[in-house]
Amino acid sequence: MWTSGEGDRVRRLAPVSRCDLVEGCAEEALAPQTEPARPLREPAAILIDGADAYWVNRGAGTVMRCPTAGCPGYPEVLAEGLTRPAAVAVQGACVYAVDEANGGRVVRAPR
């Protein structure tokens with residue numbers, strides 16, 4: 001799994017991608033579509049935990065989750081309203097994100 005900063009530079013849209021190493025790593029989009037109101041903007045800090053992938057959208061202020069096999073619909077938004085999320089972690093039933101706004105803070109949300 002990886003994110004790429006090589007998306008649409010004007011709107012800062014970029015994909016979250018995956019590949020199957022056993023099958024020769026043919027790149028495919030993990031989250032090929034998003035809700036129009038919550039696009040993938042500057043996805044970063046991807047984390048794989050079991051069957052799910054988590055990442056922050058730095059340009060959209062969200063934390064998202066999608067199954068590692070690929071999203072059957074839209075990625076799930078776990079937290080929103082962040083100013084500049086920079087990192088993501090999971091522990092137990094929660095997902096944590098670092099928001100760099102105003103000197104920094106840690107945000108917790110159910111996963």
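The values are calculated or read from the model by the stated rules, or taken from the named source; none is laboratory data. Note that the structure is predicted; figures quoted are calculated from it, not measured. Methodologically, a virtual Cβ is constructed for each residue, glycine included, from the backbone with ideal geometry; neighbour enumeration extends over all protein chains shown. Quick note on the areas: whole protein, heavy atoms, side chains included, nothing else; ligands and nucleic acids left out. Shrake-Rupley method; radii C 1.70, N 1.55, O 1.52, S 1.80 Å.
When the range 82-111 is examined, which residues are found to be under 16 Å from Glu42 (Cβ atoms) and of a type in the set (Gly, Ala, Ser)? Once the filter is applied, which keeps residues that are under 16 Å from Glu42 (Cβ atoms) and of a type in the set (Gly, Ala, Ser), the range 82-111 yields Ala86, Ala87, Ala97, Ala101.
Results for (1) out of contact with any Pro (no Cβ under 9 Å at 6 or more places or on another chain); (2) modelled with pLDDT of 90 or more; (3) open to solvent by 50 Å² or more (accessible area, probe 1.4 Å), shown as yes or no for each residue.
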residue	(1), (2), (3)
Ala37	yes, no, yes
Arg41	yes, no, yes
Ala44	no, no, no
Asp49	yes, yes, yes
Cys66	no, no, no
Leu78	no, yes, no
Gly103	yes, no, yes
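So in the range 41-71, with the set limited to residues that are among the β-branched types (Val, Ile, Thr) and either assigned to a strand (DSSP E or B) or within 18 Å of Ala93 (Cβ to Cβ) (or both), which one is farthest from the chain's Cα centre (by Cα)? Applying the filter and picking the extreme gives Ile48.
Is it the case, given these coordinates, that Ala87 is in a strand (DSSP E or B) and either more than 20 Å from Ala51 (Cα to Cα) or open to solvent by less than 30 Å² (accessible area, probe 1.4 Å) (or both)? So Ala87 fails the test. The set of residues in the range 90-101 that are open to solvent by 30 Å² or more (accessible area, probe 1.4 Å) and of a type in the set (Gly, Ala, Ser) comprises Gly92, Ala93.
Residues that are in contact with a Ser or Thr (Cβ under 8 Å, 6 or more places away or on another chain) and within 13 Å of Arg111 (Cα to Cα) were ranked within the range 51-64; the one that is surrounded by the fewest Cβ atoms within 10 Å (Cβ to Cβ) is Ala51.
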